[in-house]
């Protein structure tokens with residue numbers, strides 16, 4: 001039986017600071033090694049425009065460096081339907097594990113291969129298979145009332161936003177549970193003895209979303225993640241996770257006394273600039 005399809009995702013912005021030479025690619029022949037610099041910046045994984053999508057920024061840096069070295073090789077860097085990132089190259093290549101690759105989910109060096117797939121989904125990216133909600137509803141600041149005769153009076157601020165209460169279902173308890181169930185969606189918390197916010201590489205969790213999303217503009221694939229893996233015209237929502245939801249996260253079991261799957265319910269705010277694309 002195949003794993004359930006990942007349908008939704010939340011991408012949390014993060015800051016990347018270049019070390020100068022961030023990735024080194026080596027080849028068996030021709031110009032080698034090739035040193036790659038991934039520009040410093042604030043990025044999101046996958047759900048972002050070209051210039052701020054970490055996956056495509058790394059890909060651009062890889063190919064620019066390879067071309068600049070005089071080589072004719074081409075690399076690709078893509079997120080699969082299971083949210084794992086794969087690197088391919090037209091020639092066999094090697095890469096020593098480094099922070100830039102760890103963010104993409106790689107946990108070991110790549111040795112003389114034409115293709116390599118990450119061990120984990122990328123950091124700062126949470127995926128889900130079930131999303132239950134009422135859809136975005138407008139909220140505005142008003143002050144008014146009605147007289148006993150039924151006449152209304154008051155003022156309207158003219159500003160509004162949209163809220164939705166979203167329940168992400170079938171969230172595995174932890175990475176070990178996720179593995180035993182053979183599913184791909186993001187688990188709720190780290191394994192016992194592991195810490196939220198621990199250094200990569202590791203499995204990112206919903207608890208990491210709570211730790212990092214406060215005060216940031218996140219991107220949400222609202223049921224259309226598979227389209228957003230390749231489309232540059234499909235839209236994602238630009239959302240805020242309220243601090244009240246971070247302070248008191250709401251999690252409950254999908255079924256009483258069953259510790260495999262949980263449901264994470266939270267209110268999200270869609271910003272006045274409601275959506276974005278990967279263009």
- prompt: What percent does the relative contact order of the stretch 91-148 come to when contacts are Cα pairs within less than 8 Å and at least six residues apart?
  reply: 27 percent
query: Ranking 97, 110 by Cβ neighbours within 10 Å, fewest first, what do you get?
result: 97, 110
query: DSSP beta bridges in the stretch 11-125, what fraction antiparallel, as a percent rounded to 5?
result: 95 percent
Pairwise FRET efficiency - residue 24 versus residue 179, Cβ, R0 = 30 Å, nearest 0.05: 0.45
Degrees, to the nearest 10: 54-68 long Cα axis against longest axis of the chain: 20 degrees
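Between residue 165 and residue 96, what length in nm is gained on full extension when 0.36 nm per residue of separation is reduced by their alpha carbon distance? Don't skip to the end; give the middle numbers.
Numbers: separation 69, 0.36 × 69 = 24.84 nm, distance 4.31 nm.
Extra length available between residue 165 and residue 96 comes to 20.5 nm.
Rank the residues 107, 233 as a footprinting-exposure proxy: fewest other Cβ atoms within 10 Å of their Cβ go first. Can you show the working numbers first?
Values: 107 13, 233 9.
Result, fewest neighbours first: 233, 107.
Fewest to most neighbouring Cβ within 10 Å: what's the order for 210, 103? Could the numbers behind the result be given before it?
On the way: 210 19, 103 25.
Ordered by Cβ neighbours within 10 Å, fewest first: 210, 103.
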query: How far is it, in nm, from the label point at residue 108 to the one at residue 192 when both lie 7 Å from their Cα along the line to the Cβ?
result: 2.8 nm
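A short reminder: the numbers here are calculations on the coordinates, not readings from a lab. Everything numeric here is computed off the predicted structure, so don't read it as measured data. Neighbour counts are summed over all protein chains in view; Cβ atoms, including those assigned to glycine, are modelled from backbone coordinates with ideal geometry.
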